[in-house]
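The values are calculated or read from the model by the stated rules, or taken from the named source; none is laboratory data. Predicted model, so just to flag it, every value in this text is computed and none were measured. When we count neighbours, we look across all protein chains shown, and the Cβ atoms used for this are built from the backbone with ideal geometry, even at glycine.
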Amino acid sequence: MTAPPLLDALHADIARHCQARGFREGPGVNNFIPHSALHAFAMARQLVATGFDRYVAIAPEGHVYGYFFEAAGARVESVFVDYPPTRCETDLDRATLAGRSVLLIEDDVIGGRTLRLVLETLLPQQPRTVALFLGHSSGIQHLRNVPDGIARTYLADTDLVVDERLERQFEHFLAQRLGAHTG
């Protein structure tokens, strides 16, 4: 399996990725370390191959997983929800969501307020479907709090099978992506 120095380099790269988008770890923000980088990598590849029209990370933590979607070739846009969740902001052209399939990228769902704010912002544009990817482990998710309007929820640690081939692909991805950062 993947060596700890390579995972440390990955975590540093993800932190840089989030910081480049203006987000920092701090009070009210989960850390910028994925629960399972292998699962996030594999699920992002699978969902990008599925071909959603739009990928929208719920910032700031959604960009931890957005990192893997961008590495798989998706263009990831943002919506920002403050903490505690009271407002949702975005620079994306919401009119372009009409009739499109949208995948929201988030770390977890606990109370569901964050997702409700995002849906209140995006659903008036009448996307064809809205699905949700949750990156954190299924054991901490409160799926009963996923609001109406989400057509399907994807959980990386339960919706795919990890095998040796997938582990080798992940290690190859890390070596290619982080080779310059591991020295």
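Restricting attention to region 87-113, the residues being touching a strand residue (DSSP E or B) at 6+ places or on another chain (Cβ under 6 Å), outside any loop (DSSP other than H, G, I, E, B) and in contact (Cβ under 8 Å) with a residue 24 or more places away in the chain number 7.
For region 61-73, the candidate set comprises residues that are out of contact with any Asp or Glu (no Cβ under 8 Å at 6 or more places or on another chain) and crowded, with 21+ Cβ neighbours inside 10 Å; within that set, the residue that is farthest from His11 (Cα to Cα) is Phe69.
Within region 8-30, how many residues are under 21 Å from Arg168 (Cα atoms) and either loosely packed, with under 13 Cβ neighbours inside 10 Å or without any contact (Cβ under 8 Å) to a residue 40 or more places away in the chain (or both)? Residues flagged as under 21 Å from Arg168 (Cα atoms) and either loosely packed, with under 13 Cβ neighbours inside 10 Å or without any contact (Cβ under 8 Å) to a residue 40 or more places away in the chain (or both) within region 8-30 amount to 2.
The set of residues in region 4-31 that are under 14 Å from the mean Cα position of the chain (by Cα) and closer than 24 Å to Val162 by Cα contains only Ile14.
For region 153-183, residues that are more than 19 Å from the chain's Cα centre (by Cα) and not aliphatic (A, V, I, L, M) total 13. Inside region 136-152, residues that are within 16 Å of the chain's Cα centre (by Cα), buried (at least 16 other Cβ atoms within 10 Å of the Cβ) and over 17 Å from His35 (Cα atoms) make up a count of 2. Answer yes or no: is there a residue in region 6-29 that is farther than 30 Å from Pro84 by Cβ, acidic (Asp, Glu) and either modelled with pLDDT under 90 or assigned to a helix (DSSP H, G or I) (or both). Yes, the conditions are met somewhere in region 6-29. Does Val48 qualify as being of a type in the set (A, V, I, L, M), crowded, with 18+ Cβ neighbours inside 10 Å, over 10 Å from the mean Cα position of the chain (by Cα) and not in a helix (DSSP H, G or I)? Taking the combined requirement at face value, the residue does not satisfy it.
The numbered conditions (1) touching a His at 6+ places or on another chain (Cβ under 6 Å); (2) surrounded by 20 or more Cβ atoms within 10 Å (Cβ to Cβ) are all true for Val118 except (1). Restricting region 121-135 to residues that are among the β-branched types (Val, Ile, Thr) and surrounded by fewer than 23 Cβ atoms within 10 Å (Cβ to Cβ) leaves a set whose member that is nearest to Ala151 (Cα to Cα) is Thr129. Contact annotation: residue pairs with Cβ atoms under 7 Å, 6 or more positions apart or on different chains, pairing a residue in region 118-141 that is outside any loop (DSSP other than H, G, I, E, B) with a partner that is polar (S, T, N, Q) and surrounded by fewer than 23 Cβ atoms within 10 Å (Cβ to Cβ), are Thr121/Thr90; Thr129/Ser101; Leu132/Thr153; Leu134/Gln141; Leu134/Thr153; Ser138/Thr158. Of Pro34, Pro84, all but one fail to be closer than 22 Å to Asp163 by Cβ, touching a residue at least 12 places away in the same chain (Cβ under 8 Å) and outside any helix (DSSP H, G or I); the exception is Pro34.
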